[in-house]
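The values are calculated or read from the model by the stated rules, or taken from the named source; none is laboratory data. Not measured: the values here are computed from a predicted model. With ideal geometry, Cβ positions are generated from the backbone for all residues, glycine too; neighbour counts draw on all protein chains shown.
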């Protein structure tokens, strides 16, 4: 038995007909169901890319240091100000080509070279030894960010339903379809394991019973959102004597993003994986109130005030969902810490400007983990490789790497707690 399967055999699951629900950390069980059994604090990594860029004036503060005024996109995150850092001026030396740089955002490999191992896969090779899945590549519209040593792209789970089944349903296409079908009819995967859950609750402390109830509530909430999306995708549409609108599901970029964020929280909460990536993207129109132009076209706003106003609606929706995810991680306790304490979240883009296709001065929001946050670190454009930040992240995750990609060291000024 290899170390990974041996670890999994010591973990507790609620099993039923066709499903296996991994449990959160429960002190009554001595932590055997979770990462705490490894003997040291588990660390996690979440990498998020917005491939069309992020409107700079709404994200990057005008002032550097700790006393900056919150720009528009950061205003919803005011309560979490001491849990994130904004970094500007970073880039990947030798990476160019506008959108063509997208697959290199987490590798830092110059455009003239064959792409190779990305940050998430480098981390997953070690942290993945402790979890059922080495890493999880999700998609709120895009994800070509994960790359192996040999230069192969890690395929993403494009369907949230399939990703949910991958995490919670036993293997087998027929069984996955059965479980998802039951969810679509209002039945929960938890219904399959109720007897075992009742037996487990009798052995838990009051605190753990409350935690288990809270966890099950989160699972059910995710299922409800999933069921709604799946139902509408497969429902036959009524016949009308007018031009059909664009399909519902592909336009619903916010619904897609919300599902990805919910699943990210669940995957970390159950320690199903410790490494997740996803992107926020859509080429064409999006179902966002007040937006009538395609997302990609809006990113090429040409300084038009109307286009910028619509673009900001699409991007504000992302930061609203990011706030919910960070808050959920903060409120989820794991031992003596929170999931936010133990998860490093990096939000960035391969474009410093979607309007001009520039790959310089990339926007960065770094949240969570064991860093001293609360500042805007402003570097002179071109003076610091983005990979220096990656080395700092690796050190925070417990790695001893002295370099990654085109790094020249760690990110000066970013200190651990």
Meets criteria (modelled with pLDDT of 85 or more, in contact with a helix residue (DSSP H, G or I) (Cβ under 8 Å, 6 or more places away or on another chain) and crowded, with 24+ Cβ neighbours inside 10 Å) for residue 276: yes
Verdict on residue 405 being on the phi > 0 side of the Ramachandran plot and buried (at least 19 other Cβ atoms within 10 Å of the Cβ): yes
In the stretch 67-79, the residues that are in contact with a strand residue (DSSP E or B) (Cβ under 8 Å, 6 or more places away or on another chain) and surrounded by fewer than 19 Cβ atoms within 10 Å (Cβ to Cβ): 68
Selection count where residues are surrounded by fewer than 22 Cβ atoms within 10 Å (Cβ to Cβ) and either within 20 Å of the chain's Cα centre (by Cα) or at positive phi (or both), scope the stretch 378-390: 1
Any hit, the stretch 31-45, residues being at pLDDT 95 or above, more than 30 Å from residue 215 (Cα to Cα) and in contact with a helix residue (DSSP H, G or I) (Cβ under 6 Å, 6 or more places away or on another chain): no
Qualifying residue in the stretch 276-298 (condition: more than 14 Å from residue 50 (Cβ to Cβ), in contact with a strand residue (DSSP E or B) (Cβ under 8 Å, 6 or more places away or on another chain) and not in a helix (DSSP H, G or I)): yes
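A quick yes/no check of all residues on (1) surrounded by fewer than 13 Cβ atoms within 10 Å (Cβ to Cβ); (2) modelled with pLDDT of 90 or more:
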position	(1), (2)
210	yes, no
215	no, no
238	yes, no
241	yes, no
281	no, yes
295	no, yes
301	no, yes
Output for the stretch 58-78, where each listed residue is part of a helix (DSSP H, G or I) and without any contact (Cβ under 8 Å) to a residue 60 or more places away in the chain: 75, 78
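Please enumerate the residues belonging to the stretch 99-123 that are more than 25 Å from residue 43 (Cβ to Cβ) and either part of a loop (DSSP other than H, G, I, E, B) or free of Cβ contacts under 8 Å to residues at least 60 places away in the same chain (or both).
100, 103, 110, 111, 112, 113, 114, 115
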